[in-house]
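The values are calculated or read from the model by the stated rules, or taken from the named source; none is laboratory data. No experiment lies behind these values; they were computed from the predicted model shown. As a convention, Cβ positions derive from the backbone with ideal geometry for all residues, glycine included, and neighbour counts pool all protein chains shown. Remember, those area values only see protein heavy atoms, side chains included, never the ligands or the DNA or RNA. Shrake-Rupley method; radii C 1.70, N 1.55, O 1.52, S 1.80 Å.
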Amino acid sequence: MTQHVSIDHQTATTAALFADSDLLDEIRSVLKRPDLGDDVLLSALASSPAARHGINHVTAMPQDRETFIRTLPVPAPRHGLEMPQHDLNPPLAVRFAPLVALWHRALQPLAPQLKRVPVPAKDR
Amino acid sequence: MKKAGPEAWSTAFRRLAMAVIALCLTTGASYMFAIVVQSDGFDWLDIIRIALMAVASFWLAWGGCIALFGILFPPEERSTGVNLPEGRTAILLPIYNEATGPVFARLEAIMKSVAALPAADRFDFFVLSDTTKDDVGEAEQRAYQQLLVRQNAGGRLFYRRREQNIGRKAGNIADFLTTSGGAYEYMLVLDADSLMDGKTILEMVRRMEADPRLGLLQSLPQIIGLSTLFGRLLQFATGLYGPYFARGLAAVQGEEGTFWGHNALIRTRAFAAACGMAPLTGKPPFGGHILSHDTVEAALLARDGWKVHLDPDLTGSYEEAPANMVDYAKRDRRWCQGNLQHSRILAAPRFRFWSRISILQGVFAYLASPIWCVFLLASLAAPLVAPPPVYFDGHSPFPVFPHPETTTALALLFGLVALLILPKLLLVARALLGGNSADFGGPVRLLISFLLEILLTSILAPIHMMFHCRSVFQVLTGADSGWPTADRDDGSLPISAAFSATWWMSIAGAGAIAFSHSYAPEMFYWLLPVALPLVVAPLLVWMTASVMLGKVTKKLGLFQVPTEAAPVEVAEDMRLALSQKAAA
């Protein structure tokens with residue numbers, strides 16, 4: 001519980017307090033979130049109610065530190081997926097395009113050779 | 001091309017059987033009705049009435065067949081292991097201007113249940129807020145911070161609020177997928193009023209991991225937590241009949257199953273690749289973002305070759321529902337617009353045949369009421385346009401009297417009533433003989449509850465029909481006359497709100513009775529079962545929203561459901577969390 005965490009009442013900014021400590025690495029390790037950058041963690045620490053008053057990260061017991069870490073509002077992992085937009089009511093030209101293509105492909109071998117005869121050859 | 005397996009063949013056989021049975025019943029009903037209406041001569045209005053009767057009776061027969069198939073075909077055994085899941089699951093709670101306390105109390109109960117699982121670290125929780133009201137948004141932030149601390153859930157519980165709720169719930173889920181979806185193999189989509197047991201969630205993940213082609217797994221949510229008379233009636237009906245209707249649905253849907261938008265586990269990558277929907281051209285109600293997106297998403301997954309299963313044996317899944325008829329009608333109004341909009345995507349490219357049938361079913365769920373209503377109006381008008389009887393047709397020197405068809409008319413009436421009641425009666429008989437009547441208060445209370453349920457739903461049916469007709473009319477004309485605001489926490493309604501929502505039904509019912517009395521006296525008694533409930537609709541809506549009457553039925557052991565006989569742990573945890581919040 002957070003009330004067991006040793007809190008000192010310094011008013012120094014969160015960044016100055018934690019920037020050079022091992023706490024940020026510890027947070028990444030406890031939360032299994034190596035993707036969390038320092039700036040993200042410092043921002044989470046700043047918005048944490050307990051951390052606003054600072055935490056004595058040197059003297060706090062490990063289990064208290066872990067409990068504290070588990071109350072931090074860290075952001076969700078950023079790993080987005082592509083989500084293509086499917087048109088469910090396409091116009092007829094698009095809807096029948098595969099059929100038209102199929103029709104053309106079917107006609108191709110059946111159609112006569114429509115190559116135009118060169119003019120000199122026709123004259124001969 | 002993939003060869004159809006035995007499962008696919010048996011599904012195809014069931015579909016064919018259901019279609020044949022429903023068509024035979026429809027043909028029989030239409031034929032009998034044709035005999036009845038031609039007894040006083042045949043005119044153009046009779047053709048319309050027969051057509052309407054055919055459509056409406058097919059819909060009834062279809063519903064009856066689903067219940068019958070639910071009895072005949074038990075759910076298939078799903079092979080799962082006991083291994084811990086390998087993939088990570090995101091449990092998503094999309095919210096939109098909801099009451100913050102109950103929403104976070106439910107989430108806390110689910111988190112507690114999941115925390116007791118051996119694989120608790122494989123599950124993360126996301127509150128996806130689309131809230132537009134700033135005060136509600138601030139309350140959500142505070143509740144999130146408190147829950148984070150209480151559950152020590154840093155790194156497992158996340159909250160995000162969108163500035164604009166583009167695409168509504170579908171857009172909310174899409175936003176999650178495009179920002180964090182890749183970090184999870186599965187996502188469990190909830191509603192603001194959903195509750196799920198941790199063990200059920202784990203079982204769903206195991207089933208998903210056991211079948212790599214399974215794209216979506218829908219559980220069967222049971223309705224809980226309602227205390228009004230209407231709410232208890234709804235709870236009882238869904239608790240007793242719901243599982244069998246779901247089994248019947250699952251039996252004919254096979255791999256092209258259903259998605260109800262919540263309490264379902266989804267394979268994230270499959271969903272992201274298949275279920276992005278471009279807005280439809282034109283303006284709402286038929287254009288714009290696709291509403292009631294769940295049915296369409298199930299169809300899109302099936303289109304890409306993913307299995308979509310409804311597993312009715314997945315209990316431990318709960319939801320709340322509207323506690324009174326006005327709230328029920330409000331929800332139906334939203335769903336009506338979404339389902340009617342689906343008529344534009346019925347012919348979407350590459351949809352599976354059964355997906356199109358499911359979409360059509362959704363459309364018909366709302367068109368059935370106007371069809372019955374037009375049928376009633378046509379029947380009222382029929383005597384006015386009927387030709388006078390011809391006693392001397394020129395072929396015989398003796399008068400030819402019209403042949404009375406009273407027996408056929410009564411047989412048709414009883415047949416239609418049987419279509420409505422027989423499936424329910426079979427399910428009650430099964431509960432009585434199967435020995436699980438104790439879950440519903442014992443054999444006597446179950447029987448009384450069943451009779452009361454039939455009576456009350458029959459009386460309330462015309463009111464539901466009128467609400468549906470109004471919804472369809474509003475969607476088609478783009479109108480919305482608004483709803484009375486009566487957001488009481490216990491679901492009860494003041495008489496003024498009931499009157500404000502249904503006064504027009506009283507006028508319609510009284511008008512129909514007066515018209516019938518003056519111009520179509522032969523229809524008078526036939527019309528009364530429909531028109532009388534409409535006349536007293538405000539009173540009925542108000543009374544069924546009564547918590548006191550609900551409590552009386554509870555005290556008498558009526559409309560009892562299994563979740564009352566054996567309290568649900570996750571629901572108890574939710575109540576505890578809510579009371580702690582209230583105390584704090």
Note on region B:118-134: residues farther than 16 Å from residue B:102 by Cα and not aromatic (Phe, Trp, Tyr) are B:118, B:119, B:120, B:121, B:122, B:124, B:130, B:132, B:133, B:134
Quick one: which of B:69, B:33 is in contact with a Lys or Arg (Cβ under 8 Å, 6 or more places away or on another chain), at pLDDT 90 or above, in a helix (DSSP H, G or I) and more than 17 Å from residue B:422 (Cβ to Cβ)?
B:33
Picking from A:76, A:51, A:46, A:60, the residue that is within 12 Å of chain B (Cβ to nearest Cβ), at pLDDT below 85 and under 30 Å from residue B:124 (Cβ atoms) would be A:51
Read through the list (1) touching a residue at least 40 places away in the same chain (Cβ under 8 Å); (2) surrounded by fewer than 22 Cβ atoms within 10 Å (Cβ to Cβ); (3) at the interface with another protein chain (Cβ under 10 Å from one of its Cβ atoms), then give the number of the only condition that residue B:180 fails.
(2)
Among helices (runs of 4 or more DSSP H) entirely within region B:464-558, at least 2 residues that are surrounded by fewer than 13 Cβ atoms within 10 Å (Cβ to Cβ) occur in B:495-519, B:524-535, B:547-555
So for region B:335-346 (the condition being away from every other protein chain (no Cβ under 14 Å), surrounded by 22 or more Cβ atoms within 10 Å (Cβ to Cβ) and in a strand (DSSP E or B)), does at least one residue qualify?
no
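Among B:270, B:298, B:323, which is touching a residue at least 40 places away in the same chain (Cβ under 8 Å), touching a Phe, Trp or Tyr at 6+ places or on another chain (Cβ under 8 Å), within 14 Å of chain A (Cβ to nearest Cβ) and surrounded by 23 or more Cβ atoms within 10 Å (Cβ to Cβ)? Break it down stepwise before answering.
On the way: B:270 fails: surrounded by 23 or more Cβ atoms within 10 Å (Cβ to Cβ); B:323 fails: within 14 Å of chain A (Cβ to nearest Cβ).
One residue alone meets the criteria, B:298.
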Can you tell me which residue among B:98, B:77, B:140 is within 14 Å of another protein chain (Cβ to nearest Cβ) and either in contact (Cβ under 8 Å) with a residue 40 or more places away in the chain or open to solvent by 10 Å² or more (accessible area, probe 1.4 Å) (or both)?
B:140
Looking only at region B:228-247, how many residues end up being small (Gly, Ala, Ser) and either under 22 Å from residue B:203 (Cα atoms) or at pLDDT below 95 (or both)?
3
Per-region count, region B:429-455, residues open to solvent by 40 Å² or more (accessible area, probe 1.4 Å) and either in contact (Cβ under 8 Å) with a residue 40 or more places away in the chain or not in a helix (DSSP H, G or I) (or both)
8
Among (1) under 18 Å from residue B:359 (Cα atoms); (2) free of Cβ contacts under 8 Å to residues at least 60 places away in the same chain, the one test that residue B:246 misses
(2)
Please enumerate the residues belonging to region B:275-286 that are surrounded by fewer than 18 Cβ atoms within 10 Å (Cβ to Cβ), in contact with a strand residue (DSSP E or B) (Cβ under 7 Å, 6 or more places away or on another chain) and either at the interface with another protein chain (Cβ under 8 Å from one of its Cβ atoms) or over 18 Å from residue B:165 (Cβ atoms) (or both).
B:278
List the residue pairs whose Cβ atoms are under 8 Å apart, where the first residue sits in region B:222-239 and is closer than 21 Å to residue B:264 by Cβ, the second is assigned to a helix (DSSP H, G or I) and among the aliphatic types (A, V, I, L, M), and the two are 6 or more positions apart or on different chains.
B:223/B:234; B:224/B:571; B:225/B:571
Give B:105, B:56, B:90, B:116 a once-over and let me know the one that is within 31 Å of the chain's Cα centre (by Cα) and over 30 Å from residue A:40 (Cβ atoms).
B:56
If you check B:225, B:215, which single one turns out to be on the phi > 0 side of the Ramachandran plot and within 26 Å of the chain's Cα centre (by Cα)?
B:225
Residues satisfying the stated conditions in region B:146-161, i.e. more than 8 Å from every other protein chain (Cβ to nearest Cβ), assigned to a strand (DSSP E or B) and hydrophobic (A, V, I, L, M, F, W, C):
B:157
Here are some residues: B:226, B:188. Which one is assigned to a loop (DSSP other than H, G, I, E, B) and buried (at least 19 other Cβ atoms within 10 Å of the Cβ)?
B:226
Scanning region A:80-111 residue by residue, those β-branched (Val, Ile, Thr) and at the interface with chain B (Cβ under 7 Å from one of its Cβ atoms) turn out to be none
State all residues of region B:347-370 that are within 14 Å of chain A (Cβ to nearest Cβ) and either surrounded by 20 or more Cβ atoms within 10 Å (Cβ to Cβ) or touching a Ser or Thr at 6+ places or on another chain (Cβ under 6 Å) (or both); if no residue qualifies, say none.
B:348, B:351, B:355, B:359
Evaluation of residue B:564 against (1) at pLDDT below 95; (2) more than 22 Å from residue B:232 (Cα to Cα) (one fails), failing number:
(2)
Of all residues in region B:203-223 being farther than 22 Å from residue B:300 by Cα and in contact with a helix residue (DSSP H, G or I) (Cβ under 8 Å, 6 or more places away or on another chain), the one that is most open to solvent (accessible area, probe 1.4 Å)
B:222
